[in-house]
Amino acid sequence: MKLEINGQPYEVESDGDTPLLWVIRDELGMTGTKYGCGLAQCGACSVMVDGEIVRSCVTPLDSVANRSITTIEAIQNDAIGRKVVAAWVQHQVPQCGYCQSGQVMAATALLKQNDKPTEDDIAAAMVNLCRCGTYNAIKAAVQDLSGQKV
Amino acid sequence: MNDIIRDLQVDNLQVDKDLPTGAPVNLSRRGLLVGSMGAAAGALVLGFGLPVRGARAQDAAKAVAPGTRVPAFLEIRPDNTARFLSPFVEGGQGVFTAMVQIVGEELDMDPKSFIVENAPTGSDYLVVFGKMRITGGSMSVRTSYDTMRKLGASARAMLLEAAATRLGVAADKLATEPGYVVHAASGQRIAYGDLAGDAMSLPVPAADSVTLRDPKQFRWIGKPVERLDVLDKSIGKAVYAIDLKVDGMLHAAVQHAPRLGMSVGAVRNEASVRAMKGVISVHHLPGAVAVVSERWWHAKRAVEALQVDWAEAGAKPVMDGIRVMPANFSTADFAERLANEPGDGKDAEKEGDAAAAFASAKTVVTATYHSQYLHHAQLEPPSTIARFNADGTLDVWMPNQAPEQFQADIAKRTGLDASKVNVHSPMLGGFFGRHFLYQAANPYPQAIQLAKETGRPVKVIWTREEEFLRDPMRPMAAVRFKGGLDANGMPVALEAISICEGPTEGIAGHNKDKLDETAVEGLTGKSYAIPNRRIAQIYVENPTMLAYWRSVGNSMNDFLYESFLDELADKGGKDPYELRMQLLKDNPRLSTLLKTVGEMSGGWKRGPFTAEDGTRRARGIAMASPFGSHTAAIAEVSIKAGEVVVHDVWEAIDPGSIVNPAIIEAQINSASALGVSQVLIEEAVYKNGMPVARNYDLYPILPPSRMPRVHARIIESGEKMGGIGEPGLPAVPPAVANAVSTLTGERVRRMPLSQYTFNS
Amino acid sequence: MKKLLLVLLLIIVVVGGGLLWFVNHKPGSPFETAGTLPLPSTEVLARGEAVARQADCVACHSLPDGKPYAGGLEMGTPLGAIFATNITPDKENGIGNYSLADFDRAVRHGVTPDGERLYPAMPYPSYVKMSDEDIRDLYAYFMHQVQPAAVANRASGIEWPMNMRWPLALWNAVFVPSGTYAQKPQQDAQWNRGAYLVQAAGHCGACHTPRSVTMNEKALDEGGSAFLSGALLDGWYAPSLRQDVNTGLGRWSEEDIFQFLKNGRNQHAVVFGSMAEAYNNSTQFMSDDDLKAIGHYLKSLPGDASRDGTPWVYAAAAPAQGQAGTRGTPGSATYAAKCGFCHGTDGRGRSPWIPPLAGSPASLIEHADSQINVTLNGSARVVTAGVPDAYRMPSFRQQLSDREIADVLTYVRSTWGNHGDHVTQQEVNALRQHTDPASSTPIILQMR
């Protein structure tokens, strides 16, 4: 099956029902996208497909054939992604960091669709779990990027 | 490009095989990306490695005190960056950054120019009280602070000495500025990187001979220095155990017996599972089956397909040190049993004459409180890579908080000499107490067995479901409280009998002649001037496996105690904040904390009151003194659609003195999140000997929508340095529970609050 | 006067005696004179096993951790719990002493050798249509392929007087058809085979046909328009299997039905709820020809447009919250956070792995029970050819309140062209109280 990840074409051999997460991590060796629950509960595996956020642990490979996938490895190739990363650094968001690939992807996807998200928009889009409780820093970083007073 | 650089770097690190630490140290090899953290991590550096060799002769000459041998910790590289091997593992608490703030301060080197990695096993790194090494108990910085300062100062002295030789001047004519030795008289300036080769072969000066920097002149200690790992963690470059790969590695997934203690009886469909796509082999392990494959997903699907007839535990345990889970175990029944366990317990703390005080008290209040089992629920599922090497050594990569303990255990299991077991400790995707040595709770014995049986390196990853089946839990407790009030409503006597098993006795074994302090901490050690007190424990062995959980005994006991204290205040007609003030009036340190948190919240206001948005709200107050620090917290709550909303948490912490206020604030946020999560929604429920929840669906952890605003303030009283990672937690659950009790008029006596029905 | 009383007494004795005889008599069996049976051939045993799969005996008579067919499944009834019995050939506890005729009477007529009436939880109103051959093969299978298990039966929790079973004989007389399935010569062989499987061993109507107040299925074959027209049972709504465009199989092809029964999934749906169990233990093991016959037969059952409503047409949802200038409802926000990652923001799912919610019968039928139930509790693992599914439905009972579940399901049922009824908090609460979360562990009931 043909995939496009981070602008590169890939030919993968996994079965069509394989979660995109494991194709990315195991077959293609990009481990920035994390496995947390395998049940779409935590969001650590978030990637973008055609600019929309998806949880790759519940995304069957055959549903993303010929679509454009962006993983955290390419986040800094994206203008908005770069800003998100800079805000993450400025607000010193990560603690253990395990969920942060997904959080950065979620924030980037949000800001690509809506460059001035309201507080409600942010709450609706930033729903990934963080066991370290970095939620306030995440919110502050996204608010900062949306031009809101923090 | 980055990966290429990383590979080169990794190759360079192979010189560490010669590192004379008493244990072979194969930190890494080509193809294995170890997460080294720091701004300099991406830099291309060649030709270092000389510095560490010189230490060998010295090492042979005499036993070295842990934390003193500079080359075991520090490499200063030609490009004037430094690599520091941390005795403590980074799992989000910021210890890598704190370590190089301390070392850098004395070495005179900007923390930004460091990369940090977890140190290999070895006696040099036993810096906790100079005799052990764990990352836990909020002990890292406070137990190694002096040692690390001296280590940095020693390194600086060695650099000065080397420069003095090179320049032909006396060392006391030289000074340093970050990264350079400076000779003011001649205007010469030599980079540390140029001196390292000479400096590191010099003898390390005696620790008490070095001069430490005057704290008034600290540039980095005490400052909100940016964390070294933030960028890498924001771009997916941080490497955790689950991400590691070694050449020729196979993947494995396991299916655990539904109840601990059971063993593999028959497997009904082994042949057809062997025939599944990608399956290399099927293995029977103690209390589990495993499938090995080239891809983890294949292994996972195949292992789930195995139809195993699990055999009940026999007389001989299937693994050492485990508890056999009874088929009828239920947490609801167990809570009932704890509450009704007869007896008065063993004294843990006794002051005055509680019995007499109760007899003469105006009012006696009794109540039974409960805490619940909790999962660690760290986001990174456990994994381990095991690799047997041709030279007879064994490499194991695994998330862990205590490498030497695992090394010893692996040596015991394999029959290898400990010196042949290399334990690697990557970054942790959260830990909260999860990664200590708990029997049957970690995948490394499985990985080692599978590597042996397949003859290849094997990485085992547990699914979230298998993790929740084997995660050892924070103990549950029932506490029978009795409080006596005088005619003025002031508490004159307090008795707390906790019926529980402490985590330490649960892990290491119960000693009937001793008391497990971790069972009662937080009931004991309270500073309130209640003249007659008795804190006791009735030991009841749990059928579950127990563990440390962030803030250990305090994680539940401060909830239990501080909630009951509010109950006493209510019965005595006292405001809970004022009562605490009165009970602490002779304790200036805690009075200050209490006053501070009151001010932070805009002045103590219990409520219920109507907020600006029209919601009815109330506030609760609680205090805790865990891990050498002291805290006071106020929480503001409302009820929305029957659910508790925590709007704000104000928390003041006095850890004595500090290293990084930004990290402390982050830790207060983090601890508050876990505390709110525990009090609102978390509970591990067992029915029929099995956990009901096997994933986050049925064991929800705090989602962003329920995170309160957190306002932290640090008070540096100058007292002995306390912990940071855990102390923020214990005061939060009771502050929330007390606020809810005030708002609803219903006394909250058990966590989580989700089991109560509240009217909006 | 005395004479009158005597006559009356006589009448009472005769009528009463007749009744007594009736409620205790054993129905006839064509096998009464069968005598000693020869040892069955492997072919007969294989056929018997296939019949056991079609009839899904294991679903009730085996427990996940128990011995095959040793009984024990608890079935809640409004009167109290009853427990499926041990049907292994154990002489003490099971059916080891049953003659073929005894077996026949139990399976097809719900009468034990003692003349006791079985509760119609045992679907003998359907099994009565099974052919003599199938009964004989099934008996051979149970007697020779199933291991005797010395597991005692559990007494029912139904109390006197409702535990008296003789009135069931009267119920049977009124509601249970007599006689095996009769071929419809005007239909082809495939249709007849499908009808036979659906009506007899498959007992599809036990869940999918609505019941009267007297608890009998309203229709037992295609002659009644209520047959397989959808019914509420035990917290799940078993949808119409008729050609209803919205709430039935109107949009499914015969191939779709075949795929669903064979693989547990197709482009429209994935088995869930009680159907997951029927699939895991029964339908996937049927022959391809039998499954195709079922699809062929079901496609012949007309829908009812007046009941089914306006045909569903997909309509794109309003943009979700998070996009500029939009405001979501509480239900849409919950959908985006909890459902959309799998079922898609467009409601189309990731078929065939994750089912669409747009246009699904559960989203269009007025009864929201199945959606409430599966949201509260998740669904059992779907095990196809021994391999558990790659994706499963989680349980949301610990994460979402009654209100939130009502809101999100109301959103689902009113978006993408869906027009099911809105869901109330009370409905969610009622199901929450008497249901449990599905196990995340695959459950495979063993037949041997």
Residue match in region B:112-123 (condition: surrounded by fewer than 24 Cβ atoms within 10 Å (Cβ to Cβ), within 14 Å of another protein chain (Cβ to nearest Cβ) and either in contact with a helix residue (DSSP H, G or I) (Cβ under 9 Å, 6 or more places away or on another chain) or charged (D, E, K, R) (or both)): yes
State the number of residues belonging to region B:327-339 that are in contact (Cβ under 8 Å) with a residue 24 or more places away in the chain and more than 30 Å from the chain's Cα centre (by Cα). 3
Residues located in region B:422-458, provided they are part of a strand (DSSP E or B) and in contact with a Pro (Cβ under 9 Å, 6 or more places away or on another chain): B:ASN422, B:VAL423, B:HIS424, B:MET427
Every residue from region C:72-111 that is surrounded by 21 or more Cβ atoms within 10 Å (Cβ to Cβ) and under 22 Å from C:ALA173 (Cα atoms): C:PHE103, C:ASP104, C:ARG105, C:ALA106, C:VAL107, C:ARG108, C:HIS109, C:GLY110, C:VAL111
Exclusive hit being within 27 Å of B:SER705 (Cβ to Cβ), touching a residue at least 60 places away in the same chain (Cβ under 8 Å), in contact with a Pro (Cβ under 9 Å, 6 or more places away or on another chain) and surrounded by fewer than 24 Cβ atoms within 10 Å (Cβ to Cβ), set C:GLY378, C:GLY349: C:GLY378
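Residue-by-condition table, conditions (1) under 11 Å from the mean Cα position of the chain (by Cα); (2) away from chain B (no Cβ under 11 Å); (3) surrounded by fewer than 22 Cβ atoms within 10 Å (Cβ to Cβ); (4) assigned to a strand (DSSP E or B):
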site	(1), (2), (3), (4)
A:CYS42	no, no, no, no
A:VAL54	yes, yes, no, yes
A:CYS57	no, no, no, no
A:ALA65	no, yes, yes, no
A:ILE69	yes, yes, no, yes
A:LYS83	no, yes, yes, no
A:ALA86	no, no, yes, no
A:PRO94	no, no, no, no
A careful count of residues in region B:166-216 that are small (Gly, Ala, Ser), in contact (Cβ under 8 Å) with a residue 60 or more places away in the chain and part of a helix (DSSP H, G or I) gives 5
Look at region B:404-438 and say how many of its residues are closer than 18 Å to B:GLY92 by Cβ, surrounded by 24 or more Cβ atoms within 10 Å (Cβ to Cβ) and not aromatic (Phe, Trp, Tyr). 8
When you go through B:VAL291, B:VAL254 one by one, which is the residue that is free of Cβ contacts under 8 Å to residues at least 40 places away in the same chain, in a strand (DSSP E or B) and buried (at least 22 other Cβ atoms within 10 Å of the Cβ)? B:VAL291
Taking first residues from region B:590-608 that are in contact (Cβ under 8 Å) with a residue 24 or more places away in the chain and second residues anywhere that are in a loop (DSSP other than H, G, I, E, B) and among the aromatic types (Phe, Trp, Tyr), the pairs with Cβ under 6 Å that are 6 or more apart or on different chains are B:GLY598/B:TRP604
Residues of region C:88-108 being touching a helix residue (DSSP H, G or I) at 6+ places or on another chain (Cβ under 6 Å), within 21 Å of C:THR180 (Cβ to Cβ) and not charged (D, E, K, R), in sequence order, are C:LEU100, C:PHE103, C:VAL107
How about region A:20-32: which of its residues are facing chain B (nearest Cβ under 7 Å) and within 13 Å of A:VAL58 (Cα to Cα)? A:TRP22
All but one of (1) more than 30 Å from B:LEU260 (Cα to Cα); (2) assigned to a loop (DSSP other than H, G, I, E, B); (3) within 14 Å of chain A (Cβ to nearest Cβ) hold for B:GLN667; state the number of the condition that does not hold. (2)
Name the residue that is farthest from the other protein chains (Cβ to nearest Cβ), counting only residues in region B:675-691 that are in a loop (DSSP other than H, G, I, E, B) and surrounded by 21 or more Cβ atoms within 10 Å (Cβ to Cβ). B:ALA684
Quick one: would you say B:MET325 is assigned to a loop (DSSP other than H, G, I, E, B), within 14 Å of chain A (Cβ to nearest Cβ) and more than 21 Å from B:SER383 (Cα to Cα)? no
Within region B:693-708, identify whether any single residue is over 22 Å from the mean Cα position of the chain (by Cα), assigned to a strand (DSSP E or B) and buried (at least 23 other Cβ atoms within 10 Å of the Cβ), and answer yes or no. no
I need the full set of residues from region C:275-290 which are surrounded by 21 or more Cβ atoms within 10 Å (Cβ to Cβ) and in contact with a Phe, Trp or Tyr (Cβ under 9 Å, 6 or more places away or on another chain), in order please. C:MET275, C:TYR279, C:THR283
Might you let me know whether region C:123-141 holds any residue that is among the polar types (S, T, N, Q) and under 22 Å from C:VAL44 (Cβ atoms)? yes
Please tell me if A:TYR98 is under 16 Å from the mean Cα position of the chain (by Cα), within 16 Å of B:ARG706 (Cβ to Cβ) and facing another protein chain (nearest Cβ under 7 Å). no
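Quick note: the coordinates plus some simple rules give every number you see, no bench work behind them. As the structure is a prediction and not an experimental result, all values here were calculated from the model. For neighbour counting, all protein chains shown are included, and Cβ atoms are generated from backbone atoms with ideal geometry for every residue, glycine included.
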